[in-house]
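The values are calculated or read from the model by the stated rules, or taken from the named source; none is laboratory data. As the structure is a prediction and not an experimental result, all values here were calculated from the model. Heads up, the Cβs are rebuilt from the backbone with ideal geometry, glycines too, and the neighbour counts pull from every protein chain shown.
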Amino acid sequence: MNKYYCSQKFWWLSIDLQRMETMSCSAATPQKIDHERLKGNFTNIFNTEQLQQERQQMLAGKKVQSCSATCWRAEEAGLPSRRTIMNSNTITHTDVNSTPEVLHIILGNQCNMTCSYCCKQYSSAWYKDIKQNGTYNIKSHDDRFKINSKDELLARVGQKKMNERNNLQFIIEELQKTLKTKNVSELQITGGEPFLHVILNDILDKFQMSKKINIFTGLGINTARFEAEIIKLKKYKNNITLTISAENTKNFYEFNRAGNSWKQFKENIECLKQNKINYKFSSVLSNLTIFGLEEFEEFAKGHTTDYHVCSDPDFLSMHVLDKESKKNIIKKISQITSPAKKIIIQTIDKEPTAIQHKNFSNYIKEFAKRRNKNLLIFPKTLLNWLESNK
């Protein structure tokens, strides 16, 4: 085992079709796509000079800067990270010149929801919040709470115009060729909310040869439109699975998945059941989403749930809570048997820093105010703790 190795850097590749960026991990620093270099040899997109250098650094036991925010920072604080939870710190790949086993396509950030741990890069609703109401009073290592010139440019380009770009069509055609290789075992499609993107069906038609297609959705779409989209999926038979982002039920769901209702969420789940579409869940464990997690575990019973820790921004990590809330959460999760229990116990007992306390207090109050959400759904001890940072 290597202290700074992560196998995902060798076998996973993400393409953001809106931002024209690529990532070797869903949490790594994005890299701009060099179209001129790709036209000579598209495999360069999997083996840029930077990527090969980062793989070599990992094999040599050196820290890769692009993985800092999500993994190294968490691990240095004694917390579980994405790579430790995925067990990708075990050396499985050693060739710095690699081809992907999983292709991850980001259609764009079109989304109706402002999930509590999300940001403008993956949600147009988050962009609109910041654009209309201004930044959050948060000290952050990146600009997730600020609008930059690229954000404004992308917001002005409609989906139709974006989908007609020559560079986009070139990338899609090359990805089709890549999927024909024996290495690629899975195509993942995300947004934003994929079912709000007009290009989704075109992508599915062009990539239906994929052995496995996984669409990541928050179900943040009205049920009538969702049902129409699901009916279209049925022609692809059994190679499509929906991975649904959720961690809570009722009031906690509506707080953390602002922009969707628990009622609509359940109706869309029922639509999947009626149309016999395979689905599973993906749950992000943060200090906001672990409240009521045991009720969601009961709701999701019978379906696989993948768990991910929120470590960026760090003030949403599970350990940034008051002591009484932590004690009650540990008591409640003792009733569940899922892998979430171990992850929470490994994380929650750490002591938050003063700046994490302050950032969380500022954030949750502003988040709730902008969305007209009631903080009284949370324990009184937590609310008192939030005020104590002054």
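Structural remarks
- Matching entry among Asp142, Asp95 (being surrounded by fewer than 17 Cβ atoms within 10 Å (Cβ to Cβ), under 17 Å from the mean Cα position of the chain (by Cα) and either modelled with pLDDT of 90 or more or not in a helix (DSSP H, G or I) (or both)): Asp142
- Arg257 fulfils the conditions (1) surrounded by 18 or more Cβ atoms within 10 Å (Cβ to Cβ); (2) over 17 Å from the mean Cα position of the chain (by Cα); (3) within 21 Å of Cys111 (Cβ to Cβ) except for a single criterion, (2).
- Residue in segment 318-326 that is over 25 Å from Asn214 (Cβ atoms), of a type in the set (S, T, N, Q) and surrounded by fewer than 22 Cβ atoms within 10 Å (Cβ to Cβ) present: yes
- Which listed residue, of Lys232, Lys212, is among the charged types (D, E, K, R) and out of contact with any strand residue (DSSP E or B) (no Cβ under 8 Å at 6 or more places or on another chain): Lys232
- Residue list for segment 208-239, restricted to those being free of Cβ contacts under 8 Å to residues at least 40 places away in the same chain and either more than 19 Å from His104 (Cα to Cα) or among the β-branched types (Val, Ile, Thr) (or both): Ile213, Ile215, Thr217, Ala224, Arg225, Ala228, Glu229, Lys232, Lys235, Lys237
- Yes/no for Asn268 being surrounded by fewer than 15 Cβ atoms within 10 Å (Cβ to Cβ), among the polar types (S, T, N, Q) and in contact (Cβ under 8 Å) with a residue 12 or more places away in the chain: no
- Unique residue being crowded, with 17+ Cβ neighbours inside 10 Å, in contact with a helix residue (DSSP H, G or I) (Cβ under 8 Å, 6 or more places away or on another chain), over 30 Å from Ile345 (Cβ atoms) and at pLDDT below 85 when the list is Leu51, Leu17, Leu38, Leu13: Leu38
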